[in-house]
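Encoded as C-alpha cells, the structure appears first; notes follow it.
The values are calculated or read from the model by the stated rules, or taken from the named source; none is laboratory data. All values reported here derive from a predicted model rather than from experimental measurement. With ideal geometry, Cβ positions are generated from the backbone for all residues, glycine too; neighbour counts draw on all protein chains shown. When the accessible area is computed, the model is the full protein with side chains, heavy atoms only, and any ligands, DNA or RNA have been set aside. Shrake-Rupley method; radii C 1.70, N 1.55, O 1.52, S 1.80 Å.
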Amino acid sequence: MPASLTHHAYKVNQLQQYEADAAQTIGLNLFQLMERAGSAVFNNIRQYYPAAHRILIVAGKGNNGGDGYIIARLAHQAGLNVTAVVCAERSQIQGDAFTALTLLEEYAVPIHYCLSVEHKTKIINDFKGELIVDCLFGIGFSGVLSKELNQLITVINNKNCTRVSVDVPSGLNADFGTITPIAIKADLTVTLIAYKRGLLSAQAANYVGELVLETLSVNSALAELTPTHCFRQNKANLPQLIPRAPTSHKGSIGMMLAVGGDSAFTGAICLASEMALRAGAALVSVCCHEYSRSVLLSRRPELMVVANCGKTLASSALLEKVKSVVIGPGLGRNVWSKAVFEAAINIESDKVIDADGLYFLANNMYKSNKWILTPHPGEAAQLLGCRIADIELDRFFAVKAIAKKYGGICVLKGAGTLISDGQNTWINTTGNAGMASGGMGDVLSGLIGALILQTENLFQAARLGVYIHGLAADIIAKQQGQIGILASDLYPEVQRLINSECNL
C-alpha cells in the first residue's frame, strides 16, 4: 500500500463521478472548488515564473476554461497584463464556468470570444508575452482533435514562450497518456485533486513537462469515495531491502543463475550477470554458450559458468543452491536457445524472464506465479498476440493482461514503466531518454534478479529494481547529460544507491 494518498492515480470516470461528492464532504461547493483550483494554478505560475508579466489565457467552454477565468482575474488583480481567448460563444459557457467568467468581466481584461481559427491564431502569434495558460479541455478530452483545434494547438506549441497546462495538457488523453494527433507541449502542468494515470505513462512525458499536484484538500475525501488500484511510485513509498545481519554469508544471501549468452550475444549476459553482482547477489552462476564462456570469465572472474547447453543445465548440481534465475539476455532463438530455455523454465526458483526468453514464453504457453516478466512494447505485443500499436493505446490494460495471462508480475517498460500483478499497478517515476541504448534491459533483469534475493516478494523486487534502474540513469544524466549513457555506466550508481537506501 502507498505511504500517502497523494500517490493514488485515477481514471477520468472516477474523478468525474466523485469530485463533487468529495468536495461536499469537506464543505465546498463546485464553484468554491474551482476558485481553489484557479488560485492554486496561479500560485504555481508565480512560483515557477516570477518574471512573467504578460499572460495569455486560452480557454474552452467547460470547467477547465472556468479555472482559466479565475487565473486571469487573479493575475489582473496582481497587476499582470492578461488577455483571454475563449474558444466558444459566450452563450455556450454555463454553470460554474459562466460564474467565473462574469466575475472576470467586471475587470478590464480583454476577452475574445469564439473567433475564427485565423483570428485566434493571429492573436496568439501577435502575443508578445512570456506565458500562455492552456485551459482548453482538462480531463474531459477523448477522441481526435478537430482540424481547427489541431491548428490552434500547433500554433501554441510553436510560440516562443512558456506554456502552463491546467490539470492536463489539452489533447492528451488523461486515462491512457495518448494523443491524436497532437497535444499542448507544456513546460508545467498543474494537475488538480489527484494524479490522472495518463499523465504518468506512455506519450505523456513528451507533453506534461514539470508535473505538480495540487490536491485542493480533496484528495483524502476522494480516496474514501472511490478506491484505486493504480499508484504512482516514488521515493516515499518504495519497498525496502531486507537488512543484512552481521553474520550474513554467501549461502544466506543466495545465488542467482543467469541464462542466455548465445555465441553472437555474449555482451547481454555479461551485462545482466555483472549488474547482479553489483546489486547484491552473493553468487552469480551463468549458463551460456561455450563460445561465450571465455569472454564472460575474462570480463568478470567473480562469475561462475555452470553449463553450456540445456542438457548440462538440467543436470547441474548447483540448481539446488539457486534462489533466483534470470532467463533471456542474449539467449537467441535457435535450437540451442530453445533447449536452454526449456531447461531453465523448469527450475523451481523465482525467475525474471526478458528478451528472447519472452519470445519462447509467448510461443510455448506457460503460467506461473513465480516469475517477473519484463517486456518492452514489442515483446508485450508478442505475449498478447496483438500489434505494438494496441499496447501503446492502453498500456495499463496491457500490463495487467500479461500478468493475468502468464501469472506473476509484469514490468511493461517505457516512459512511465508500469509494474502490475494483474490487480494493482504501480507507475514508475524515474528514468530518462538517455536509457534508450543497448543493454539497458539486460542490466534491469540482472538488477531485479539480485533484488529477489534481498526483498520479501517478487512485486517488491520488481518495483524497487525499476525505480533504482531509472534513478541511476537520472543521476548520470544530471551529471553528464543524457546522450551517450551506456548500460554498464549504471553499475557504480546502482551499487551506491543500494548501499544508501535513504538516498533513493
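Each row is one residue, and each column tells you yes or no for (1) at pLDDT below 95; (2) on the phi > 0 side of the Ramachandran plot.
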site	(1), (2)
ILE132	no, no
GLY143	yes, yes
SER146	yes, no
LEU149	yes, no
LYS159	no, no
VAL166	no, no
PRO169	no, no
LEU172	no, no
PHE176	no, no
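Got at least one residue in the stretch 314-329 being farther than 22 Å from GLN454 by Cα, open to solvent by 10 Å² or more (accessible area, probe 1.4 Å), in a helix (DSSP H, G or I) and of a type in the set (D, E, K, R)? No, every residue in the stretch 314-329 fails to be farther than 22 Å from GLN454 by Cα, open to solvent by 10 Å² or more (accessible area, probe 1.4 Å), in a helix (DSSP H, G or I) and of a type in the set (D, E, K, R). Considering THR215, THR189, THR162, the condition of being farther than 22 Å from LEU15 by Cα and either touching a residue at least 24 places away in the same chain (Cβ under 8 Å) or not charged (D, E, K, R) (or both) is satisfied by THR162 alone. Scanning the stretch 189-205 for residues that are among the small types (Gly, Ala, Ser), part of a helix (DSSP H, G or I) and within 18 Å of PHE137 (Cα to Cα) yields GLY198, ALA204. Restricted to helices (runs of 4 or more DSSP H) entirely inside the stretch 206-279, those with at least 3 residues that are in contact with a strand residue (DSSP E or B) (Cβ under 7 Å, 6 or more places away or on another chain), closer than 27 Å to THR429 by Cα and not basic (Lys, Arg) are 266-278. The residues listed here are ALA403, ALA362; of these, the one that is over 25 Å from ALA281 (Cα atoms) and buried (at least 24 other Cβ atoms within 10 Å of the Cβ) is ALA403.
Scanning the stretch 123-151 for residues that are more than 26 Å from the chain's Cα centre (by Cα) and either crowded, with 23+ Cβ neighbours inside 10 Å or without any contact (Cβ under 8 Å) to a residue 12 or more places away in the chain (or both) turns up ASP126, LEU131, ILE132, SER146, LYS147.
For the stretch 152-174, the count of residues that are polar (S, T, N, Q), within 17 Å of the chain's Cα centre (by Cα) and surrounded by 21 or more Cβ atoms within 10 Å (Cβ to Cβ) is nonzero. Mind checking which residues of the stretch 26-73 are of a type in the set (D, E, K, R) and closer than 18 Å to PRO169 by Cα? Those that are of a type in the set (D, E, K, R) and closer than 18 Å to PRO169 by Cα: LYS61, ASP67.
Listed here are the residues, each with its yes/no results for (1) open to solvent by less than 10 Å² (accessible area, probe 1.4 Å); (2) among the small types (Gly, Ala, Ser).
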| site | (1), (2) |
| --- | --- |
| ILE448 | yes, no |
| LEU451 | yes, no |
| PHE459 | no, no |
| ARG463 | no, no |
| ILE468 | yes, no |
| ASP474 | no, no |
| GLY481 | no, yes |
| ILE485 | yes, no |
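In the set (1) out of contact with any strand residue (DSSP E or B) (no Cβ under 6 Å at 6 or more places or on another chain); (2) of a type in the set (Lys, Arg); (3) crowded, with 18+ Cβ neighbours inside 10 Å, the condition left unmet by ARG197 is number (1).
Taking the residues in the stretch 108-117 that are at pLDDT 90 or above and open to solvent by 30 Å² or more (accessible area, probe 1.4 Å) as candidates, determine which candidate is farthest from ASN173 (Cα to Cα).
Here is the first cut: in the stretch 108-117, the ones at pLDDT 90 or above are 108-113.
Still in the running and open to solvent by 30 Å² or more (accessible area, probe 1.4 Å): 108, 110-113.
Details: ALA108: 35, PRO110: 31, ILE111: 28, HIS112: 27, TYR113: 26 Å.
In this case the residue turns out to be ALA108.
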